[in-house]
Amino acid sequence: MPVKVELTPPDISDYEAGNTGIPYYTTFDSGEPGPHILINAVTHGNELCGAITVDFLFRHNVRPTRGRLSLGFANYMAYQNFNPAAPTASRYVDEDFNRLWSPDVLNGPRDSVELRRARELRPFIETVDFLLDLHSMQQACPALTLSGPLAKGRALASGVGYPAHVVSDIGHAAGKRMRDYGAFSDPDSPKNALLVECGQHWEADSAVVSLETTLRFLRHLNAIEPAFAAAHLPAAPPAPQCFIEVTEAVTVRSPEFSFTQPFRGMEVIPNAGDVIGHDGDTPLCAPYDDCVLIMPSQRLYPGQTAVRLGRFLDGPTP
């Protein structure tokens, strides 16, 4: 069945030069004390909503009211390969850019297009105090904030207040994400990061969610003119948030992995022991009642995350 692409990728070539010495990264300095905030797009080249949001911020001349605001396009190489006739093909060039963010990989001997870009970005990312990394998903699923496993990430997600589902997770066995890099994962550091999955990759609503999340993020950090944010945000308050703690990221072991149903995400499995799928001959069962399925994958290859299993929390901290 053909994939419907409802979004048009903006031309980002005007942003190539930037002003940071790193292609496609631009920093605006308010001249006032405050944090360094990064709004990051196209960590994956086929995820258009973040590019649309960052392009919007450029075109509307959004400037920080304190500290510094940076706008960036991470894997612009893959993004430039996007083709709506084959929209899944441009996720990356050589390998997943969002599985490279650990010192052993960044300092190691491997080489790829994405690794060279990550190494180029690494010193810049280390200057960032607050990161918002904008993503989208394979399946049509409610938008999710991935806050990381720490209380500080959940607190930041709660302060932003949108979207409604917040997932506290440790990431992937296949490699570390940018949002987990360095001080972002240090409970004693004030630096913090959120990764937001804004909806299905090419649905129009994903761009709406991406922009609303970004404006609420900047407003929460007191880094944007309140009147500008209000002019571009819905008048109604967002829905109350629901917090989910990931207890297990299921990694595919067998090339014969399959789910029992075509899960899309956020399904609640009512009973412990209910079978969710099979990894070869081994059944995958819900480990507890009311188990939430988070972002079940269509890329069911050995070593990749098949699905994350979560349970509901009462609030931003357990």
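The values are calculated or read from the model by the stated rules, or taken from the named source; none is laboratory data. Remember, it's a predicted structure, so these values are computed and weren't measured experimentally. Here Cβ is always computed from backbone atoms with ideal geometry, including for glycine, and neighbour counts include all displayed protein chains.
Listed here are the residues, each with its yes/no results for (1) assigned by TED's automatic domain parsing to the domain that holds Glu95; (2) farther than 20 Å from Asp205 by Cβ.
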| position | (1), (2) |
| --- | --- |
| Val5 | no, no |
| Thr8 | no, no |
| Tyr25 | yes, yes |
| Leu38 | yes, yes |
| Asn46 | yes, no |
| Phe56 | yes, no |
| Arg59 | yes, yes |
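Give the number of residues within region 264-318 that are in a loop (DSSP other than H, G, I, E, B) and surrounded by fewer than 20 Cβ atoms within 10 Å (Cβ to Cβ).
The first filter runs over region 264-318 and keeps only residues in a loop (DSSP other than H, G, I, E, B), leaving 264-267, 270-274, 280-281, 286-290, 295-304, 314-318.
Then drop every residue that is not surrounded by fewer than 20 Cβ atoms within 10 Å (Cβ to Cβ), which leaves 264, 266-267, 270-274, 280-281, 286-290, 298-304, 314-318.
Residues that pass the stated criteria total 27.
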The lone exception for Leu218 - which of (1) more than 18 Å from Asp169 (Cα to Cα); (2) surrounded by fewer than 21 Cβ atoms within 10 Å (Cβ to Cβ); (3) modelled with pLDDT of 95 or more it fails | (2)
Restricting to region 134-147, what's the tally of residues that are of a type in the set (Gly, Ala, Ser), part of a loop (DSSP other than H, G, I, E, B) and more than 15 Å from Arg216 (Cβ to Cβ)?
-> 1
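Say we look at region 90-135 and pick out the residues that are small (Gly, Ala, Ser) and surrounded by 19 or more Cβ atoms within 10 Å (Cβ to Cβ); which of these is nearest to Tyr301 (Cα to Cα)? Don't jump to the end; show me each part of the working.
Pass one, region 90-135, residues small (Gly, Ala, Ser): 90, 102, 108, 112, 118.
Next cut, surrounded by 19 or more Cβ atoms within 10 Å (Cβ to Cβ) only: 90, 118.
Values: Ser90: 18, Ala118: 24 Å.
Among those residues, the one meeting the criterion is Ser90.
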Give the residues of region 40-89 that are on the phi < 0 side of the Ramachandran plot, small (Gly, Ala, Ser) and modelled with pLDDT of 95 or more, sorted by residue number.
-> Ala41, Gly45, Gly50, Ala51, Ser70, Gly72, Ala74, Ala78
What number of residues in region 71-80 are assigned to a loop (DSSP other than H, G, I, E, B) and either in contact with a Gly (Cβ under 6 Å, 6 or more places away or on another chain) or hydrophobic (A, V, I, L, M, F, W, C) (or both)?
-> 2
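If I filter region 123-134 for residues that are at pLDDT below 95 and either more than 30 Å from Leu313 (Cα to Cα) or in the same structural domain as Ala193 (by TED's automatic domain parsing) (or both), do I get at least one hit? Even if it seems obvious, please write down each step before you answer.
Filtering region 123-134 for residues at pLDDT below 95 gives none.
Scanning region 123-134, I find no residue that is at pLDDT below 95 and either more than 30 Å from Leu313 (Cα to Cα) or in the same structural domain as Ala193 (by TED's automatic domain parsing) (or both), so the answer is no.
If you take the residues in region 165-206 that are of a type in the set (Gly, Ala, Ser) and closer than 30 Å to Ala85 by Cβ, which one is surrounded by the fewest Cβ atoms within 10 Å (Cβ to Cβ)?
Taking region 165-206 first, the residues of a type in the set (Gly, Ala, Ser) are 168, 171, 173-175, 182-183, 185, 189, 193, 199, 204, 206.
Okay, now just the ones that are also closer than 30 Å to Ala85 by Cβ, so 174-175, 199, 204, 206.
On the way: Ala174: 16, Gly175: 18, Gly199: 25, Ala204: 14, Ser206: 28.
Result: Ala204.
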Could you please give the count of residues in region 67-89 that are surrounded by fewer than 22 Cβ atoms within 10 Å (Cβ to Cβ), among the small types (Gly, Ala, Ser) and either in the same structural domain as Gln304 (by TED's automatic domain parsing) or under 17 Å from the mean Cα position of the chain (by Cα) (or both)?
-> 0
Subset of region 26-66, residues in a loop (DSSP other than H, G, I, E, B), of a type in the set (A, V, I, L, M, F, W, C) and buried (at least 24 other Cβ atoms within 10 Å of the Cβ), comes to Val42
